[in-house]
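Worksheet for the structure shown next.
The values are calculated or read from the model by the stated rules, or taken from the named source; none is laboratory data. Keep in mind it's a predicted model, so treat the numbers as computed, not measured. Virtual Cβ from ideal backbone geometry, glycine too; neighbours counted across all protein chains shown. When the accessible area is computed, the model is the full protein with side chains, heavy atoms only, and any ligands, DNA or RNA have been set aside. Shrake-Rupley method; radii C 1.70, N 1.55, O 1.52, S 1.80 Å.
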Amino acid sequence: MSSLLSDLDVIDRVFEHIDRNSTDLGEDVWYEPTKNYSCPERFQAEMKLFRHIPLPFCPSAALPKVGDYVARDAAGVPIIAIRGEDGVVRAFRNACRHRGMKMADGHGCAKALVCGYHGWAYKLDGRLDYIPDAHGFPGFDKEKHGLVPVTAAERHGLVFVTQEEPVSDGPLADYPEVLKPHQELVSIREFDFEMNWKLFAEAGMEGYHIKVGHPKTFYPYGFDNLNVVEPFGPNSRVTFPFRRIEKLRDVPREERKIDGKLTYAYQIFPNLLMAKLSRHTTVQFAEPVSPSRTKYTNYYISNDPIDGDAAALAEVKKDIDYVSDTGVAEDRDITMEIQKGLASGANEHFVYGHFEAAIVHFHKVMNELMPKVGWEE
Ligand code: FES
Ligand SMILES: [Fe+2]
């Protein structure tokens with residue numbers, strides 16, 4: 001069970017804030033050293049942490065059928081997650097046991113994993129099944145040379161991978177059902193940005209910048225600095241209400257529905273941002289490549305079933321395009337400028353105030369966990 005507020009309680013809290021011209025406030029002001037965004041040793045230690053906790057890897061909606069797979073790097077290690085004949089999602093180090101060739105890349109569906117170099121074939125559960133001209137390998141023990149597994153867990157519509165002995169339950173310490181089984185994958189987009197992974201994550205964790213940062217996109221529909229902020233476990237949820245939420249004042253409390261009246265932005269520790277918007281949920285996985293470069297894989301998942309309905313699909317796509325091409329593009333541009341600002345040396349610290357409580361929570365969790373993978377300030 002998660003400790004998050006119910007939708008009705010969130011709506012009540014939003015109305016209170018509108019009436020009082022207030023917002024949720026954190027308790028602390030936080031100073032984060034800017035070297036934590038640029039130091040290569042710090043970056044390596046962060047990636048070590050990623051390998052030692054259940055790391056969000058992909059949505060279940062990307063693997064609906066037997067044989068569906070997602071293959072990409074996680075904390076610098078090529079990983080493949082694949083749904084087996086028994087319906088269970090497993091994950092493996094994405095390297096052939098012959099001479100290490102990558103077994104698959106990106107998204108697809110396979111009956112077996114066949115290596116593209118010499119054709120060694122593995123079953124969906126990772127067992128090595130077939131070696132062409134096996135007589136060339138006398139004494140080789142096939143049983144012992146399946147793909148090397150890593151721990152995979154499928155929870156509430158997400159797949160998590162734990163590569164090394166876990167130092168913490170990470171995001172699974174308190175993880176709510178955000179994605180429901182009926183939601184369908186509509187599209188996938190990949191990005192490669194020159195920015196530290198934490199900078200872009202921070203842009204999704206506060207609403208203090210809505211009026212100045214999004215004057216023509218989000219602000220006309222939303223509020224400036226009016227959010228419900230809920231840390232839960234190492235994660236957090238920030239509610240961004242739309243102005244049209246006012247319409248719910250006339251609806252009896254128990255009948256109020258949040259649909260299209262607010263956005264929930266979930267920061268699932270450490271690398272996943274999930275934003276539930278009007279008609280779709282953006283599920284964005286950050287894959288840090290270096291202190292100043294991050295790849296993103298964005299899955300856009302419909303909130304309601306589409307079932308082949310072309311009109312419904314068009315509406316969802318419109319929703320996706322609108323959000324990604326406007327407000328999110330602004331956040332990306334701002335973050336890239338901050339990345340350049342890091343190099344200016346102007347700041348030894350960034351400061352996060354009472355309006356940026358979800359970011360403060362994130363850094364507190366990082367500070368708690370980093371020593372567990374041997375990081376010392
Ligand atoms: S490297 Fe995979 S079959 Fe040779
Ligand atoms: Fe923003």
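Candidates are the residues of region 35-52 that are open to solvent by less than 20 Å² (accessible area, probe 1.4 Å) and out of contact with any Pro (no Cβ under 6 Å at 6 or more places or on another chain); the one that is farthest from residue 72 (Cα to Cα) is 36. Candidates 316, 289, 283: the one that is among the hydrophobic types (A, V, I, L, M, F, W, C) and over 30 Å from residue 77 (Cα atoms) is 316. Each residue in region 91-111 was checked for being open to solvent by less than 30 Å² (accessible area, probe 1.4 Å) and either away from ligand 1 (no atom under 12 Å from the Cβ) or not hydrophobic (A, V, I, L, M, F, W, C) (or both), and 6 pass. For region 207-249, the tally of residues that are open to solvent by less than 20 Å² (accessible area, probe 1.4 Å) and either touching an Asp or Glu at 6+ places or on another chain (Cβ under 9 Å) or of a type in the set (A, V, I, L, M) (or both) stands at 18. Which residues, taken from region 130-176, are of a type in the set (Asp, Glu) and surrounded by 12 or more Cβ atoms within 10 Å (Cβ to Cβ)? 154, 164, 169, 174, listed by residue number. Within region 326-342, being farther than 21 Å from residue 219 by Cβ and free of Cβ contacts under 8 Å to residues at least 60 places away in the same chain holds for 340, 341. Just to check your reading of the model, which residue among 29, 88, 114 is open to solvent by 10 Å² or more (accessible area, probe 1.4 Å), on the phi < 0 side of the Ramachandran plot, within 16 Å of ligand 1 (Cβ to nearest atom) and among the hydrophobic types (A, V, I, L, M, F, W, C)? Residue meeting the stated conditions: 114.
If you go through region 60-69 and keep only what is farther than 16 Å from residue 301 by Cα and either aromatic (Phe, Trp, Tyr) or buried (at least 22 other Cβ atoms within 10 Å of the Cβ) (or both), you end up with just 69.
Number of residues in region 337-377 that are outside any loop (DSSP other than H, G, I, E, B), surrounded by fewer than 18 Cβ atoms within 10 Å (Cβ to Cβ) and modelled with pLDDT under 95: the value is 4.
For region 200-214, filtering for residues that are more than 12 Å from residue 272 (Cα to Cα), more than 8 Å from ligand 2 (Cβ to nearest atom) and part of a helix (DSSP H, G or I) leaves 2.
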